[in-house]
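Structure, as structure tokens:
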Amino acid sequence: MPPLVLVHGLWNAPRLFNPLRRELADRREPLLIPHLPHRLGAVGLMDLADLLGSHVEAAFGTNQPIDLLGFSMGGVIIRLWIQLLGGHRRARRFLCVGSPQRGTWAAQTFPSRIFRGIGDMKRGSALLRRLDADLSTLAPVDCRSYYCRTDITVFPGWEARLPLGPALCMPVFTHRQLIEHPLAIGILSRELLQP
């Protein structure tokens, strides 16, 4: 299997993936979990997507196919990298977990001038409209979305889905449980271990 890249979200760090990493038990190596410093949401998502691309290239060169999983804002960062920064040439699979692909009402009250990254996740933001306007670079990637209906971080939860590929409502109740609850970890690890 190709290398796996895990991308954290806002107010998270790479340690967020420790439960998933333990469950995978070295069965998905090499594994890259970059730290993307978002400065409490002040860094724009395009800047973070560019940084993600730098990490991927440093770890795996320029041609190695990869699989990616993004949690929360990390899923939007991955999508930006795939669609707008050339990641489509090497992304094989993209698992999007609780990610505000259509924006979230939770971001609406933050001033975009100060919190650019959070502003990028507002419903109807220019960046999200740009992604939805042309799906041609996302279409060749095996995309899958995972969400929970009662998510209040990405609200409404059922809209935390990519515009392509299957979507699964996870048997959990909160945003954080999508990446920490044993039931969710089991579902995600089984998916990641599929050839």
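Taken together, the values in this text are just the output of simple stated rules run on the coordinates, not laboratory data. Please read all numbers here as calculations on a predicted model, not as lab measurements. Counting neighbours? That spans all protein chains shown, and the Cβs are built from the backbone with ideal geometry, glycine included.
What you get for region 55-121, charging only the Cβ of Lys and Arg (+1) and of Asp and Glu (-1), is a dipole of about 140 debye around the Cα centre.
Among residues other than residue 160 with Cβ under 9 Å from its Cβ, the summed charge is 0 (Lys and Arg +1, Asp and Glu -1). The modelled label-to-label distance for the pair residue 132/residue 62, using points 7 Å beyond Cα in the direction of Cβ, is 3.5 nm.
In sequence order, region 181-192 has phi-based couplings of 5, x, 5, 5, 4, x, 5, 5, 5, 4, 5, 5 Hz under the Karplus curve 6.51 cos²θ - 1.76 cosθ + 1.60, θ = phi - 60°, and Gly or Pro positions carry x.
A Cβ-based charge dipole, computed about the Cα centre of region 105-195 with Lys and Arg at +1 and Asp and Glu at -1, lands at about 300 debye. For the chain, the equivalent ellipsoid built from the Cα gyration tensor has semi-axes of 22, 20, 16 Å, listed from largest to smallest.
Positive-end ranking of 110, 137, 160 along the dipole of region 94-195, with charges on Cβ about the Cα centre, is headed by 110.
Think of the chain as having a plus end and a minus end, set by charges on the Cβ of Lys, Arg, Asp and Glu; of 18, 94, 37, 37 sits farthest toward the positive end of this dipole. Given +1 at the Cβ of Lys and Arg, -1 at the Cβ of Asp and Glu and no other charges, the dipole of the chain around its Cα centre is 240 debye to the nearest 20.
Under the criterion of Cα pairs below 8 Å and six or more residues apart, the relative contact order for the chain equals 21 percent.
Electrostatic bookkeeping for residue 43 treats Lys and Arg as +1 and Asp and Glu as -1; over the other residues with beta carbon under 13 Å from its beta carbon, the sum is -1.
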